[in-house]
Amino acid sequence: MSTQQGFAGIGQSDRTAPTPLLPVSLENVCFGVNGADLLHDVSLTIGPGNRTVIMGPNGAGKSLLLRLMQGLISPTRGKLTWRRDWNSRQGTQGGTPGSATGGMPSGAPPVSIVLQRPVLLRRSVAANLTHALRVLRVPRAERAARLEELLTLGNLQDRRDQPARSLSGGEQQRLATVRALAASPEMLLLDEPTASLDPQATHAIEGLIQSSHERGTKIVMVTHDMGQAKRIADEVVFVSQGRIAEFTPAETFFTQPQSEEARAYLSGQLVI
């Protein structure tokens, strides 16, 4: 089975066409800890289609943006809304999480996230994926076929019985990525998925990202790798000191950056 064939069948049964999830809008969003704001008045709208890459110096707030969109954290102030309300979070001045799932299986969220250091269960590769399918409430009769699709998608067939935590770094990231894709998410968030990986492992992860994009999944990825950003990005969000300094098409960002912070970053200057 080819990668495209395997991915084509994942998570598509029992799903009616919902209202589109995107765009997602952040309006004057702030996020703080112990009274100190880490994100400041962020206003940003991310639409469907384009592969969105988030860049910026360490500590700028890039990963926080992903966690806000996933719903792992909530804004301290401001509002985050989706075209189809599924888990939108509003600031402490009002609002509660939304709920509508738009005809999706009740166990399948429309947004998945892959962290830089994925958490894998202390069990085999196959058992990690089977657990995800069970949590997603995939019917028992379909799980074996879905498992094979996911193993093929991640090129992990010969690792199926190996303890997941004994895999190489690249293999662990492939496992985490196909586990995230088990739900056929409408949006896939990736937080530096190839950090510290060798070129071969990086190429494999980028292949998964591209195949996911070709199947219609919205990609939003954080990376420090300039070459990778140029290969993947259709548009770039540049974050500096907790603020959106620039949001432009990738070609514009890399050739004619509009903000002083982005120009300094691209020229190799230390941006704090």
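The values are calculated or read from the model by the stated rules, or taken from the named source; none is laboratory data. All values derive from a computational prediction rather than experimental measurement. Virtual Cβ from ideal backbone geometry, glycine too; neighbours counted across all protein chains shown.
Let's see how each residue does on (1) in a helix (DSSP H, G or I); (2) surrounded by 15 or more Cβ atoms within 10 Å (Cβ to Cβ); (3) at pLDDT below 90:
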residue: Thr81; (1), (2), (3): no, yes, no
residue: Gly95; (1), (2), (3): no, yes, yes
residue: Gly102; (1), (2), (3): no, yes, yes
residue: Asn128; (1), (2), (3): yes, yes, no
residue: Arg134; (1), (2), (3): yes, no, no
residue: Arg137; (1), (2), (3): no, no, no
residue: Thr177; (1), (2), (3): yes, yes, no
residue: Ala180; (1), (2), (3): yes, yes, no
residue: Leu189; (1), (2), (3): no, yes, no
Subject >> So Ser212, is it in a helix (DSSP H, G or I), in contact (Cβ under 8 Å) with a residue 12 or more places away in the chain and not charged (D, E, K, R) >> reply: yes
Subject >> Complete set of residues in the stretch 26-71 that are assigned to a helix (DSSP H, G or I) and touching a Pro at 6+ places or on another chain (Cβ under 8 Å) >> reply: Leu68
**OP:** Give the residues of the stretch 193-203 that are surrounded by fewer than 22 Cβ atoms within 10 Å (Cβ to Cβ) and part of a loop (DSSP other than H, G, I, E, B), sorted by residue number.
**Re:** Ala195, Ser196, Leu197, Asp198
Original post:
Does any residue in the stretch 106-135 that is at negative phi come within less than 7 Å, Cβ to Cβ, of a residue that is surrounded by fewer than 16 Cβ atoms within 10 Å (Cβ to Cβ) and of a type in the set (Val, Ile, Thr) six or more places away or on a different chain, and which pairs are these?
Top reply: Gly107/Val135
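Identify, from the list Glu206, Glu142, the residue that is more than 17 Å from the chain's Cα centre (by Cα) and either in a helix (DSSP H, G or I) or among the basic types (Lys, Arg) (or both).
Numbers: Glu206 fails: more than 17 Å from the chain's Cα centre (by Cα).
Unique residue meeting the criteria: Glu142.
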Subject >> Test set (1) in contact (Cβ under 8 Å) with a residue 40 or more places away in the chain; (2) on the phi < 0 side of the Ramachandran plot - Ala141 fails condition number >> reply: (1)
